[in-house]
Amino acid sequence: MKLLKLSGIAILLTFCLGIRGKASTPDSAYIFAYSTLKNGGRNGLHFAWSVDKIHWFAIGPEYSFLKSDYGTWGSQKRMFEPYLLKGHEGKWHCVWKINDEDATFSYASSEDLIHWKPQVYPQLNYQGNCLMPLISCNQDKKNYIVSWWSNKKGNEGYHEVTTSDFVHYSLVKNVSKEAFHNDRSSVVINNIQVRGTIHRVPWISVEKLINHQKLVAYNQQLYHETTDQDPLRFVGLEKVQASITVNLDDYKPISDQLIGVFFEDINYAADGGIYAELVQNRGFEYSPADKMGQDPIWNSFYAWNLRGDHTVFTIDSVNPIHPNNSHYALLKIEKQGALLTNEGFNGIAIKAGEKYDFSMFGRVPNGEKMKVVVRLADPDGKVAGQTAINVRSSHWEKVSAVIHAEKNVPNARLELIPQSPGTINLDMVSLFPQNTFNGRKNGLRADLAQLIADINPKFVRFPGGCVAHGDGLENIYRWKNSIGPLEARKPQRNIWNYHQSMGLGFFEFFQFCEDIGAEPIPIVAAGVPCQNSSCGGAGQQGGIPLNEMDSYIQDILDLIEWANGDKKTEWGRKRAEAGHPKPFNLKYLGVGNEDLISHVFEERFRLIYKAVKENYPDIVVIGTVGPFSEGSDYERGWKFANELDLPMVDEHYYQPPGWFIHNQDYYDKYDRSGPKVYLGEYAAHLPGRPRNIETALAEALYLTALERNGDVVRMASYAPLLAKDGNTQWNPDLIYFNNTEVKPTVGYFVQKLFGQNAGDRYFYSDMKLSDHRESVRKRVAVSVIHDSNSNDLMVKMVNLLPVKIEVKLKINGWDDFSSKAICTLLTGHPDDTKARPVEKEIAVSNTLDHVLPAYSFTVIRIPDIKMKK
Ligand code: AHR
């Protein structure tokens, strides 16, 4: 079991306070549990303590021991009127009001008031709201009663449910006002009156709460250390000497798949991004629902315009090409001369001399054949390339043509110009560069895909992230909607508040993986949507109804058959029909994405896991352990993974650079016999979320620790990967881009250096520094690995100090040699966002003197070493 470490100082602190406590403190005291309205009620559960019930001392002050998880970020996540009760079995139970509307309350339990189990929100068959919830214990102590007050019209009054496990609840019952014993107390803390519950507890319990808060505060201070404080932290430090000894006979095998990429359609990563389609809203399927009705112009007309007179442009849905693609454009042309234009994704970038495949589905309902001129025009209307197509049929028919671009235009538009009066229907209007990555039809933007390929990722995770599980049951990503003919794919609302055309679907993902030699890691929802959902299950996670799980599980089994099955199988045949008769050789399947580890989740995960294991025992199922590096989902997720003996789990954490510096031993303590780890999402976040040398070096430092733990951490992917300028929902990202440029960040080069210098053997090394301060030691890291394929040895060294390090490297166990090596250096001021790696050739032998500049990452790659047997 993985436990949060206690730093040496904190242990000392706890120990000292403990001793003092024994000498002069009471046997028992009172704690007061409460929340406040500050920050919209989002500050969670606080405790204060008192020895006399008159004078109260806030812990923290106002430290949050438990925060509400309910609902979406922004509007929800609120805790009001918490009510705490110590149960007859010795456990603490807490309920609270989540808002004034919803027909549920929150519940969480804890053994020690510090570690809380994941929260639950019972789905009550009830229409009122749940104000002022209380818990009481039934007299026979067989079960608990949760009661509350409602002021919702039609449900005014007092209500209760009984439960023995806080999982299953009785039907809601009306009760009298007299039966509702609201015994919350009012106390004054820091001159402010607050309401909550009072409990008598042993003094040691109070002390533990105080010490916990102090430890958290101490760690927070460490984790928020930044390079800004380095001049003070390292005042007087001029240089450091490091003697590093590596023994080539002291090694362990490590994962040769450590570095991969996380792909999610966030920040316009897919449509308008790496998916090379240049026409926006090609299927006229944009819908106000994509943006929850918040954008009045986001609809079927989006990105399309009619210029000129005597033509009417409307959207119709009678007899569409396919029910999944139900809208199309209808043009009624009275007199020739108007143009229908598409602006692309903030313009269409075309390059002189390149060819573009134009295609569309057209229909002339009245049977009058129509010629349509198709042009690419610059912003002044000057033509940059053109062709023409003829629509002849009264049934949907695909027509295509090629346009040769005559000049470079970064922001062209597509123009469709009907050449005669009449009526025409248009759908799936597409413009695709022929120059895609690997020349694939319906493929990827070559420059962006190449940057990803250059990382040499050993795997690609897709389709997310939150996109995989959506923000409600109807928004779960269904892989079957993403394959097959483009006109039959089912577009959907993107959880990041835009539209997913599904043009980039599972076939394209798998093909990309194959093209770059990476393992595909599809992630399917574990039968539950995002834990921050606002819909599907009383406004929270909820789950696919159990009676629909068989069919959901069948979809997952079909995915494996589609990927790996013979072309004679039902789903293998579909893959073959799409152009890939050979199996894709899928090895991994992620189930779930940082879900709330609730009963609803566990029930569904078990069913999926059992079915996959029974039908495809060789598939490595990757479980999930919540969104953070600690906390209730992490703890319960790991417990669950151990119970099921899962082969691997997916961990996520976004942390400040200081966290990565101070947690390099995070995996050193992991049980080697338990599930392996896929660190599926991580990134160093500084205030303001820049991507600079400081964040990149913190990640490099941590990646050396991941290499050291490559026996338990099998894979890791930075997240998110892509972000389009002006369309970001999340910062920082690894690669920024616009329609014409790609802009890898400094952190990208760290990923690339690790990806390109990966190995399968880790050598233990001994490092002695001339300065013995812990703050110095934690900012210097070395990792030495060997790649059996190339027989190359790689030495990676990170210096996060503001001074240079003079390294004396000694490699034992190597026949005397001297060789040329490639030394790559990435260095800059911590704020530097433009630094790039510089390569040079150096001479190396068994000993090497080398200088690591301040704030730098160095990789020395020694080719073809002859290791002693
Ligand atoms: O990487 C961005 C988001 O962060 C992912 O969609 C989600 O899994 C995580 O919370």
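With the convex hull of its Cα atoms as the shape, segment 776-859 has an orientation-averaged projected area of 6.2 nm². Compactness check for segment 540-611: Cα Rg over 2.2 N^0.38 Å is 1.31.
Globularity index of segment 636-769 is 1.15 (Cα radius of gyration / 2.2 N^0.38 Å, N = number of residues). How much net charge surrounds ALA270 when only other residues with a Cβ under 11 Å from its Cβ are counted (Lys, Arg +1; Asp, Glu -1)? Counting the neighbours of ALA270, the net charge comes to -3.
Long hydrophobic helices in the chain, taken as whole DSSP H segments with a C-alpha length of 27 Å or more on their own axis and mean Kyte-Doolittle hydropathy at least -1.0: 203-223, 546-564. The alpha-carbon atoms of segment 397-438 define a convex hull whose volume equals 134 cubic angstrom per residue. Close amide-amide hydrogen proximity is noted between GLY592 and VAL524, ALA525, ALA526, each under 5 Å apart and 5 or more residues distant or on a separate chain (H modeled in the peptide plane; Pro and chain starts excluded). Size of segment 161-308: Rg and Dmax of its alpha carbons, in Å, are 30.8, 82. Peptides 292-298, 657-663 ordered by packing proxy, namely the average of other Cβ atoms within 10 Å per residue, highest first: 657-663, 292-298. Taking a Cβ cut-off of under 11 Å around VAL51, the surrounding Lys, Arg, Asp and Glu residues balance to a net charge of 0, with basic ones at +1 and acidic ones at -1. Close amide-amide hydrogen proximity is noted between LYS676 and MET648, VAL649, each under 5 Å apart and 5 or more residues distant or on a separate chain (H modeled in the peptide plane; Pro and chain starts excluded). Measuring nothing but how far apart in sequence close Cα pairs (under 8 Å, 6+ apart) lie, relative to its length, segment 508-593 scores a relative contact order of 35 percent. By the Stokes-Einstein formula, at 1.002 mPa s and 20 °C, segment 338-468 with its Kirkwood radius over alpha-carbon pairs has D equal to 131 µm²/s. What Kirkwood radius, in Å to one decimal, follows from the Cα pairs of the chain? After inverting the pairwise mean of 1/r, the radius is 30.2 Å. Since only VAL612, ASN435, ILE735 are under comparison, the one whose Cα sits farthest along the positive direction of the charge dipole of the chain, derived from C-beta charges on Lys, Arg, Asp and Glu, is ILE735. Taking the Kirkwood radius as Rh and the Cα radius of gyration as Rg, segment 726-869 has a ratio of Rg/Rh equal to 1.02.
Our summary gives the chain a relative contact order of 12 percent, counting only alpha carbon pairs under 8 angstrom and 6 or more residues apart. Across segment 633-782, C-alpha contacts under 8 Å between residues 6 or more apart give a mean separation that, scaled by the residue count, equals a relative contact order of 22 percent. For the chain, build the charge dipole from Cβ charges (+1 Lys, Arg; -1 Asp, Glu) around the Cα centre, then report which of PHE601, GLN531, PRO457 sits farthest towards its positive end. Among PHE601, GLN531, PRO457, the one farthest towards the positive end of the dipole of the chain is GLN531. Less than 5 angstrom separates the built amide H of PHE345 from those of GLN280, all sequence-distant by 5 or more or on a different chain.
Helical content of the chain, expressed as a calculated mean residue ellipticity at 222 nm, amounts to -5500 deg cm²/dmol (DSSP H runs of 4 or more residues, -39,500 (n - 2.57) each, divided by residue number, nearest 500).
Read-outs: derived from the displayed coordinates by stated rules, not from any lab. In this text the structure is predicted, and so the values were computed from the model without any measurement. Methodologically, a virtual Cβ is constructed for each residue, glycine included, from the backbone with ideal geometry; neighbour enumeration extends over all protein chains shown.
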